[in-house]
Amino acid sequence: MTILQMSLSASILIMVVIVIRALALHKLPKKTFLALWGIVLCRLLIPFSIQSQFSIYTLVEKIGSGIMEQNGTTTPNTRMFPTFIDNAGITQNTGATLQTTSPAVNLSQIMLIWIVGCIACALFFIVTHLHCRREYKTALPIQNSFVNKWKQEHSIKRTVQIRQSDKIAAPLTYGIWKPIVLLPKTTDYTDERRLQYILAHEYAHIKRFDTLLKWVLAAVLCIHWFNPLVWVMYILSNRDIELSCDETVVRIFGETIKSAYALALIGLEEKKSRFNPLCNNFSKNSIEERIKAIMKIKKTSLVGIILALLLVVGTSTAFATSAQTTAPQTAEPESLAGQEIADIFADFGLTYDNTSDSLFFDAKPVREIWDATTRTLYALSMGADFPDNAIYLITIYENDTLVGLAEVSGEEFKRTLATLPETSGEESEVKIEECKEAVAEEDGTSGKKSDMKIEERKEAAAEEDEEIYSLGTGMSGFLSNDGNGTTTYDSTKGITESELALMVEYEKFGLTVIGDAYGTEYFYKGDLVCFFIDNHSGDDANFSGIVYDTENNGGSYYLMAKRDENNKLIAIEEINAQYADEISSWR
């Protein structure tokens, strides 16, 4: 994810937290809002997102897709709500030179503006803090019996110093590992009750590492300075830090001190010191909000705690995650040797090295090639360990003509694999959904192909002028058997002799592959197959062949092709579901 994508994703979460804060500020424990701001910080700093089916973006995408389908305007390659994937760096290598479209704004100029903004914000925070730190160094240790006794009774692992300075007018705390509490020189040390409130408040900051949290908030603001909602987050989160410490003080001394503590805040506000963004000040501009929050503090109930936990978990799950991508349709690897694949794409820079049995593109080893137009997946040695620089490729078409290959990231490759290409050429006048309805009327299956036998499938499709093909969705042709063991096909449909030979081999052992405009299914002895694997390489760790692995299609057969040492198919064996899962894991 880019900085902009991270910022946009977090903006929605920030708005949600702002709404929750406005509605429940005086109803939930103040730590709830610090937890919510922590989730926002993670979204702004972590450059990747976790996909979730419970994400609000998944719901939005499903609703949008449903509306588009009802209107008949669904475009297969368009997502209703993006999962943020960085597609930068896609390279193309074609026989003819392809022109890449330049963005309207020079990215280097945008990057320069962003860097300047980051530096300016960072300088503001650092210079301001260093200037204040220089003044704070003049502070002197406090020689007071009450203060010394307080330190002894409230000792922590870190060394805490309590000093006084004539440069400040209100208490503050600075430092992370060796924190220092600064009190104004004009502090009335005879008012021990008020002094207790001040020290308890500052110690709450120290125990929670609030100074470190403020540094993180400042760093996030420097990175996302261009986003106004991040500025709002910075202001409100700093307020909530103070509100949480106020709540802690009231919990320590009891609700009876709320009025006295509020009066102490008012007295200190009148003496407020200058702004220092990286210190924990006792007083803030939001004094009115703090006083209202103090007066409305109530004992936290178990129900309130549970609601707060549910709110934090629900908000993070719904708004901090991204839309779940649709699982890609099963794409059967094309059963071709490496040199044959290289020959197909030779004009576009693909080569084959016989020694390593690897495909190369721009001197980089190739994992897989996906042709979305023919819906064919080309792969060699699927089970092998590829080097770190191994790449994924997709085909590029212009006017239904293959013009090149493009390198994409693994995540983009999966997303491309999940899309369905638009149909081209002579199409049936009956749409896919109408075909399903027609088939349902024929056999009462409510449109479920899984309940149809092979011959019923062919007949229903033929009546609807639907194209039938075999051996995977990337191949086309009509396969028929005259009952005497002779298999014929329509060569004009584009099926190759090698593909036909493989189909004939399968049919000798009772396996038939049937495909139509909306899917491919394998049948064994007339019933559906839910898993089939045919490894042509003979080496489990160096898989190259066909895998058909689907769920919930009503199939009852798990099958594996068995080949001899000469790679000749000698049997198709039934295996159990557990072994099929094991095969899926190691391949």
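Restricting the search to helices (runs of 4 or more DSSP H) fully inside segment 137-242 and requiring at least 2 residues that are farther than 24 Å from VAL40 by Cβ and touching a residue at least 12 places away in the same chain (Cβ under 8 Å) gives 145-153, 192-207.
On the basis of being surrounded by fewer than 17 Cβ atoms within 10 Å (Cβ to Cβ) and modelled with pLDDT of 90 or more, does VAL181 make the cut? Answer is no for this residue.
Name the residue that is modelled with the lowest pLDDT, counting only residues in segment 336-359 that are within 27 Å of THR401 (Cβ to Cβ) and surrounded by fewer than 17 Cβ atoms within 10 Å (Cβ to Cβ).
ALA337
Scanning segment 382-417 for residues that are modelled with pLDDT under 80 and touching a helix residue (DSSP H, G or I) at 6+ places or on another chain (Cβ under 9 Å) yields one hit, GLY383. Of everything in segment 42-83 that is part of a loop (DSSP other than H, G, I, E, B) and crowded, with 17+ Cβ neighbours inside 10 Å, the residue that is modelled with the highest pLDDT is SER55. Only a single criterion out of (1) at pLDDT 50 or above; (2) of a type in the set (Ser, Thr, Tyr); (3) on the phi > 0 side of the Ramachandran plot is not satisfied by SER446, namely (1). Screening LYS508 against (1) at pLDDT below 65; (2) surrounded by fewer than 19 Cβ atoms within 10 Å (Cβ to Cβ) leaves a single unmet condition, (1). Among the residues that make up segment 208-224, is at least one of them polar (S, T, N, Q), closer than 17 Å to LEU34 by Cβ, in the same structural domain as TRP150 (by TED's automatic domain parsing) and under 37 Å from the mean Cα position of the chain (by Cα)? There is at least one residue in segment 208-224 that is polar (S, T, N, Q), closer than 17 Å to LEU34 by Cβ, in the same structural domain as TRP150 (by TED's automatic domain parsing) and under 37 Å from the mean Cα position of the chain (by Cα).
The residue of segment 223-258 that is surrounded by the fewest Cβ atoms within 10 Å (Cβ to Cβ), among those that are under 14 Å from VAL17 (Cα atoms) and hydroxyl-bearing (Ser, Thr, Tyr), is TYR234.
Checked against (1) hydrophobic (A, V, I, L, M, F, W, C); (2) more than 30 Å from ASP362 (Cα to Cα); (3) surrounded by fewer than 12 Cβ atoms within 10 Å (Cβ to Cβ); (4) modelled with pLDDT under 85, LEU140 passes all but condition (4).
The values are calculated or read from the model by the stated rules, or taken from the named source; none is laboratory data. What you are looking at is a predicted structure, and each value in this text was computed from that prediction instead of being measured. When we count neighbours, we look across all protein chains shown, and the Cβ atoms used for this are built from the backbone with ideal geometry, even at glycine.
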